[in-house]
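Just so it is clear, none of the values below were taken in a lab; they were calculated from the coordinates. Everything numeric in this text was worked out from a predicted model, so none of it was measured. Here the Cβ is made from the backbone with ideal geometry for all residues, glycine too, and neighbour counts use every protein chain on show.
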Amino acid sequence: MNSIEKKLLELNKIEDIQQRSHWMNSLHPLGKLLISVIYILCVTSFDKYDIVHLILMSVYIIFTFAIGELSFKEGIYRMRLILPLLIFVGIFNPFLDKNIVLIAGYEVRGGIVSMLTLVVKGVYTVLAVYALIATTPIDDICYALRIIKIPKIIVIVIMLIYRYIDVMSKEADRIFTSYRLRAPGQKGIAYKYWGALVGQWLLRSMDRAQIVYESMTLRGFRGDFIPSKKSVRALDVIYPIVWIAIFMIIRFAVTG
Amino acid sequence: MKTGVSGELLNISGLSFSYEKDKEVLKDIDLKAVDGESIALVGANGIGKSTLMKLMVGLYLDFSGDITVAGHKMCAANLDHIREHIGYVFQDSDSQLFLSTVEDDVAFGPRNYGLSEEEVEQRVAKALGQVGIENLRKSKTYKLSGGEKKLASIATILSMEPDIVIMDEPSVALDPRNRRNLIMVLKDIRGLKIIASHDLDFVMNTCERTILLDDATIVADGATKDILGNEALLQAHGL
Ligand SMILES: Nc1ncnc2c1ncn2[C@@H]1O[C@H](COP(=O)(O)OP(=O)(O)OP(=O)(O)O)[C@@H](O)[C@H]1O
Ligand SMILES: [Mg+2]
């Protein structure tokens, strides 16, 4: 399998998870969006030395992945791009920050703690976003964004970008599959064809994106997405309230 | 969307169009169609059938001549009104389906026209039933076979219940049973139907009137049995 096919499969796999019938998937998207946003705000606002209490915040991640039957492996896999970046940003902390702080009774160099805190914050954020995406289709997330009055134009751009990524990866898949089938025994793509293939890819993706957009306008798309209305049940209200309360307690009460 | 418009639904006069300068794909097309008609567009590959259909739904506006759909003159300002009357099935189903499940895709049109959730649900169930793919309701569109995609594409249009149905090669990729079923479905649809096809037997079964295109223009327009019965005419125009 080539790497484009793998990427495509990844995208499809996430759509499969989004469509499964799990109670976490059927929760109202607004609640899940609010939990995620507040969680991320809470996590990122922790003091740079407060790693002990930050660890408590993992309760949400562990709960969602365990009860939501999400794969940690998948979530971590998605961090492969962001993790090196975090480490790169944090790596100089131990050298620059020579303060000594007390962690659970031990004296530790502040720079090391703040580096760890940064990495943990990054990991939480990525996993929280993954948990949201894995249990909520993009249309529902956009619907929730509209409820909290995010401007229509921004929401539509998000939606169209998502579609466009899909279109581009499918188009790439078609081109490279057809190439490989007619160039047996070749590893990868011959250097001299790269220019032509990439050019084709961009042109064809643009073309197809245009057609998809036309197909949307032909079926009454007027720049506003109208997803199926979600009814609100008790759990849809209770679930976010409970979580947000827990976040607040950890953030403000326990931390003191 | 059914709006109860009747009488003349389509009036094209003096239509010319080219994608690139000095290379006219369509030249001086005149065509009138009324409610209840079923019209086939036939002609060799690359002759301009798809292009003509795209012009009818307003995908290209830089044409010369006049197109009037359901009383609205084709221009940017009228596109919304015009498209309320038309359902268009693309030649390529991958262009048609863009949501992740069949159900969502079929519901997309009705939802955009502001129908209530119950009505949307009814429309979806009915459209899927018409083309016989209730079992694919929850399926991922990217996992469908070629023929299944075609049927799903057709359902996305049927659910809008348009006054004018325009289909580009609807019978392509269908097995004999689904093809027969589609013929029945088309017979059931009221309103104006315009179908481009190379499947002459399918045309014979679904369309009373046939328009033959060649050299960028209409070379014959009449009863299907007369035109398709005229071997010499068909051969002269590449069919
Ligand atoms: N986007 C485009 N840009 C430039 N030329 C185009 C474009 N689309 C089609 N053409 C040209 O216009 C002509 C008519 O194409 P069209 O797709 O309308 O043919 P068709 O009758 O539908 O053919 P087929 O039976 O193969 O579907 C062809 O010569 C084609 O090369
Ligand atoms: Mg065509």
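Pairwise alpha-carbon distances in the range A:64-150 exceed 20 Å for 54% of all pairs. Compared with the rule-of-thumb size 2.2 N^0.38 Å for a compact globular protein, the protein assembly as shown has a Cα radius of gyration ratio of 1.21. Looking at chain B, the DSSP beta bridges with both ends there are about 55 percent antiparallel. Dipole magnitude for the range B:1-119: about 460 debye, using +1 per Lys or Arg Cβ and -1 per Asp or Glu Cβ, origin at the Cα centre. Once every Cα of chain B carries one equal point scatterer and solvent is ignored, give the base-10 log of I(q)/I(0) from the Debye formula at q = 0.10, 0.13, 0.14 Å⁻¹, two decimals. Log10 I(q)/I(0), no solvent term: -0.46, -0.78, -0.91. Computed from Cα atoms alone, the Kirkwood hydrodynamic radius reported for the range B:107-239 is 16.3 Å. Place +1 on the Cβ of every Lys and Arg and -1 on the Cβ of every Asp and Glu in chain A, take the dipole about the Cα centre, and give the residue among A:Ile55, A:Val155, A:Leu132 whose Cα lies farthest towards its positive end. So the residue we want is A:Val155.
Farthest toward the positive end of the dipole of chain A, out of A:Ser71, A:Met115, A:Trp243, is the Cα of A:Ser71, where the dipole comes from beta carbon charges about the Cα centre.
Peptide B:94-101 shows a mean partner chain C-beta count of 6 within 10 Å per residue C-beta. Shown here is the pair-distance distribution of the range A:125-256: with all Cα-Cα distances grouped in 5 Å bins from zero up to the longest one, the shares run 2, 8, 11, 14, 13, 12, 11, 9, 7, 5, 5, 3, 1, 0 percent. Working from Cα pairs under 8 Å separated by at least six residues, relative contact order for the range B:29-131 is 13 percent. Secondary-structure-derived ellipticity at 222 nm for chain A, considering helices only, amounts to -22500 deg cm²/dmol, per-run term -39500 (n - 2.57) for DSSP H runs with n ≥ 4. Comparing Cα centroids, the range A:89-125 and the range B:47-82 end up 65 angstrom apart. Taking one quarter of the surface of the C-alpha convex hull of the range B:146-192 gives a mean projected area of 3.0 nm². A helix-only calculation puts chain B at -10500 deg cm²/dmol for mean residue ellipticity at 222 nm, using -39500 (n - 2.57) for each DSSP H run of at least four residues, averaged over all residues.
Residues A:Trp23, A:Trp243, A:Trp201, arranged from fewest to most other Cβ atoms within 10 angstrom of their Cβ, appear as A:Trp23, A:Trp201, A:Trp243. What FRET efficiency, computed as 1/(1 + (r/R0)^6) with R0 = 51 Å and r the Cβ-Cβ distance, is obtained for B:Ser116 and B:Val219, rounded to the nearest 0.05? The pair B:Ser116/B:Val219 has a calculated efficiency of 0.60. The charge dipole of the range B:116-160, taken about its Cα centre with unit charges on the Cβ of Lys, Arg, Asp and Glu (plus for the first two, minus for the last two), comes to roughly 340 debye.
The Cα atoms of chain A give a gyration tensor whose axes a ≥ b ≥ c have a/c of 1.5 or more with a/b no greater than b/c, which makes the shape oblate. The alpha carbon convex hull volume per residue for the range B:1-112 rounds to 131 Å³.
Gaussian network model of chain B, Cα springs within a sub-10 Å range: biggest mean-square fluctuation belongs to which of B:Ala77, B:Ala127, B:Ala33? It is B:Ala77. Summary of the geometry: the range B:209-239 and the range B:153-194, compared by the centres of their Cα atoms, lie 22 Å apart.
Projecting the Cα atoms of A:Val167, A:Ile38, A:Gln19 onto the charge dipole of the protein assembly as shown (Cβ charges, centred on the Cα centre) puts A:Ile38 farthest toward the positive pole. Based on Cα atoms of the range A:1-135, Rg over Rh with Rh as the Kirkwood radius reads 1.05. Using only side-chain charges placed at the Cβ, +1 for Lys and Arg and -1 for Asp and Glu, the dipole size of the range B:86-222 relative to its Cα centre rounds to 420 debye.
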